[in-house]
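A.B. asks: Please read through the structure below; I'll follow up with questions.
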Amino acid sequence: MDGSLPIAAASRTKVRAATPLARRIVFLGGGGVATLAVAAFGLWWMLGQSTAPVATTGETARAVRERMVVTVTESGEIDASKSTNVTCEVDGQSTIVWVIEEGTHVKAGDELIKLDSADLQERVSTQDMAYKTSKAAYEKAAQDYLITQSQRESQLSSAALTVKFSLMDLKKYLGKELAERVIGQEGKAGFDNLARETCLSGAALQSNRKFQTDIDLAGEELSRAASKVEWTRTLKEKGYVTGSELQADELAYRRQQVAQDEAKTALDLFLLYDLPKAAEKAYTDWMESKREFERVDARTKSLLESAKADRDNKKEALALEETRLKKVQDQLAKTTIKAPGPGMVVYDTGGSGWTKVAIETGATVRHQQNLIKLPDMAEMNVKVKLHESVVKMVAESAPAFVTIDAFPKDRLTGKVTKVAVMPDRSQWWLNPGLKAYITEITLDSTPAGLKPGMSAEVEILVDTRDGVLQVPISAVFVDQGFQVVYVKTPTGIETRRVDLGLSNDRVVEITKGLKESEEVYLFKPPNAEDLKLTEDEMKAKKERDRKPSAEAKAGPTPVDAGLERSKMPVQPPSAPPKATKPDAAKTTGGKPAANEASSDKPATKATAEKPAAAKTAADTPPPVKPAGDASAAAKTESGKPS
C-alpha cells in the first residue's frame, strides 16, 4: 500500500444540537489542535465505531465519491401527546403526607395525594370565635372614629390660631396700613422699596430710627474728636503737650470716623437687606400658616373618612364569617386530591436538573402547582431541544428514528409534528445566551412497556445525497483566507484551492478543485508552498480583512473550526494507531466515526446547501455497511492494518 487511507463506503453526516460542551469544543480553533486531537482519540475509544469510519492513520487519504446522509441527532424524553394535569387547589403552600406510587394505573375518584390538613382543621375549629372577634373589632373601629373626629377639631383650631398670630406679626413689623397693602397686592409689590414708603411704621420704623440715631451720635463724637485734635495740636506747638498725646487724640479721631462709617453702613444694610428680608419672611410665614391650615383640614378629613370606612368595613365583616367558614371547609376537603379520570400516574416534576420539583412525602407544594399527569398512553412523542444553529434544518413532517435507552435494540420510527416558534425560556437563567427550541417527534407506534419520562435519542433525517465527493475534514485548511488542500502528486506537493459543500465534523464535500481518487494530506506538510493569489484575489482578501463578514461575527462553523488547525504546524504521527474493523450492527445508531473530533458540533453549512427533504422513514435507506470491510483490509506497506 502507499500509506493513503480510503474513506468509508458510506459517509453519514450527523449533526447534534450545540450544547455548552459542544460549543467549547467548536471554538477551540487553531489554538487547541493538540488538545482537540487527544480528545477526539479518547472519544473514539469510548464510543467505538458505530458507523463506517474514516481512517485517520497515515499521512494521506483519498477523495472518494459515496453517499452522504445528513441527520440531526439530539437526546430527549418520552412524553404523552395528550394528558390530564392534576393541580394543587389549596391556597398557599402545603406539605405532602402521602402520594400514590408513580406508574400506578388509577380510575376516576381514586385518591392520588393527601396534603397536610392540620392547619386547616385548626382554622375550622376557630371559626366559632370569629363573631366575637369581629364584634370587638367593630367596637374598636367605632371608638377610633370618635377619637379621630375630636382630634380633627383640635388640630383645626390650633392651625387657625397660627394663621391669626402670623398676620399679627406681619402688621406689627410693617404697620397695619402697609401690611394690608402688601397683602392686597399678594406679595407682588417689591419688598426692596418698603423703606421709601411713607406709611412705614411698627418695628421696621423703630429700627430705622435707631440706626439714624446711631449715625447722629457718631457725628457728634467725631466733631468733638476733631476739635480736641486741633486744640492738642496748638498746645503741642507751644510745648505744653507731648507728641504722644497728640497722636493719641488723632487716633481717637480716626476711631470716631470709623464708628460713624459703621453706623451709616448699618443703616444701609438694614434698608437694603434686613428690612425687606424681615418683611418678606413675615408675609411668607403668614401665607405658609394658611397653607398649613388647609393641609391640616385635608389630612384630618381624610383620616376621619378612613376611620368611618374602617368602622363600616368591620361591621360588614360580621356578615362574612359564614362565607369564610364555608371556604375553609372547602379547602380542607381539597387536601385529599382525587383522580378526575382513568390513567397512569406520572409525577410532574416541572423541569430537569436544578429546576426539578420533587413529588414525594414531605415535599412542599404551592397553589395551582401541577402535581401529577395522567397521560393518554395511546399516542406518545419525544420532546427534544434543538439548538438555534440546527433548528432551521428541521422541517415539520420530517421522518425520524427514535432509540429508547430502555430498548436499545429497537429502532422506532416517527415524524416531526411540532417545532417551537420561540426558544425555550425555562432555564434561561442558567445560560442566557443559549437558544434552544422544543421540537416534538410523534411515534408511529407505541411499543409495550414504553413509559413517559424515558430517555431517548432522536435522529431526524435532513437530507440524503448520492455520489458526494468527500475527504476527511482534517485534510482541509485555510491559507490566506481561502480553503485549500495539499494534494500529493508525482512531482511533489500541490497547494490547491477547493470549494466546499455539505460538511460535518468528520468529512466535507468537495464541489470544486479536487478529483476522485486524488490523495490529500491530513496535515499541512512542512515543505508545502503557500497559496498563490492573483491580483484580484489579493484585493478581495484585503477587503474581506477590512470588513469581516456576518458569518465571521457569528462564530466559526464546524468546518471553519477544523480548518483553523492549519494555522499550527502538525507533524504526522510517528506510530499510527491500528484501525478497528467496523461493526455493521452498530451503524444503525448513526454515531460519529472514530476520528471525529466531537459529535456535538452543529453542521450549519448543510442547510445552506440544500433545505430539509420531506421523506418518510420507510423511504430512508439504512446505513450501508462498508463493502468487503475495505477499511479493515487496508494495510500499510509493512503489511499491518492501517
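A.B. asks: With every protein chain left in place and a probe of 1.4 Å, what is the accessible surface of T361, to the nearest 10 Å²?
C.D. replies: My reading of the accessible area for T361 is about 90 Å².
A.B. asks: In the full protein assembly as shown, how much of M129 is accessible to a 1.4 Å probe, in Å² to the nearest 10?
C.D. replies: 110 Å²
A.B. asks: If R0 is 22 Å, what FRET efficiency do you get for C199 and M287 from their C-beta distance, rounded to 0.05? Display every interim value, and only then the final one.
C.D. replies: Details: r = 21 Å, r/R0 = 0.98.
Approximately 0.55, to the nearest 0.05.
A.B. asks: Same structure, new question: Size of the dipole of the range 446-543 about the Cα centre, Lys and Arg at +1 and Asp and Glu at -1 on the beta carbon, nothing else charged, in debye to 20?
C.D. replies: On the way: 13 positive and 18 negative charges, 29 e Å.
With Lys and Arg at +1 and Asp and Glu at -1, about 140 debye.
A.B. asks: Still on this model: So, in nm, how far is label T84 from label D466 when the simple model puts each one 7 Å beyond its Cα toward the Cβ?
C.D. replies: Each label point is offset 7 Å from its Cα along the Cβ direction, giving 5.2 nm.
A.B. asks: If you don't mind, another one. Please list H367, H105 from largest to smallest accessible area, probe radius 1.4 Å, with all protein chains kept in place. The partial results should precede the final answer.
C.D. replies: Values: H367 75, H105 135 Å².
From most exposed to least exposed: H105, H367.
A.B. asks: When the accessible area of the range 163-221 is split by element with a 1.4 Å probe, what percent falls to carbon and sulfur?
C.D. replies: 50 percent
A.B. asks: Under a 1.4 angstrom probe, counting protein chains only, how are S207, S227 ranked by accessible area, largest first?
C.D. replies: Ranked from most to least accessible, the order is S227, S207.
A.B. asks: What's the FRET efficiency of Q212 with R295 using the Cβ-Cβ distance as r and R₀ = 35 Å, to the nearest 0.05?
C.D. replies: Working: r = 43 Å, r/R0 = 1.22.
It comes to 0.25.
A.B. asks: What residues qualify as long-range amide H neighbours of A436, i.e. H under 5 Å apart, gap of 5 or more or another chain, H built at 1.01 Å from N?
C.D. replies: D424
A.B. asks: Summarise the accessible area of the range 297-446 (1.4 Å probe, protein heavy atoms) by the percent that is carbon and sulfur.
C.D. replies: 52 percent
A.B. asks: Arrange the residues E388, E519 by how much accessible surface each exposes, largest first, with a 1.4 angstrom probe.
C.D. replies: These residues rank, largest area first, as E388, E519.
A.B. asks: Could you report the range 190-276's accessible area per residue, 1.4 Å probe, as an integer in Å²?
C.D. replies: Per-residue value: 68 Å².
The values are calculated or read from the model by the stated rules, or taken from the named source; none is laboratory data. These numbers come from a predicted model, not from an experiment. Please note: Cβ atoms are built from the backbone with ideal geometry, for glycine as well, and neighbour counts cover all protein chains shown. Note: areas computed on protein heavy atoms with side chains; ligands, DNA, RNA excluded. Shrake-Rupley method; radii C 1.70, N 1.55, O 1.52, S 1.80 Å.
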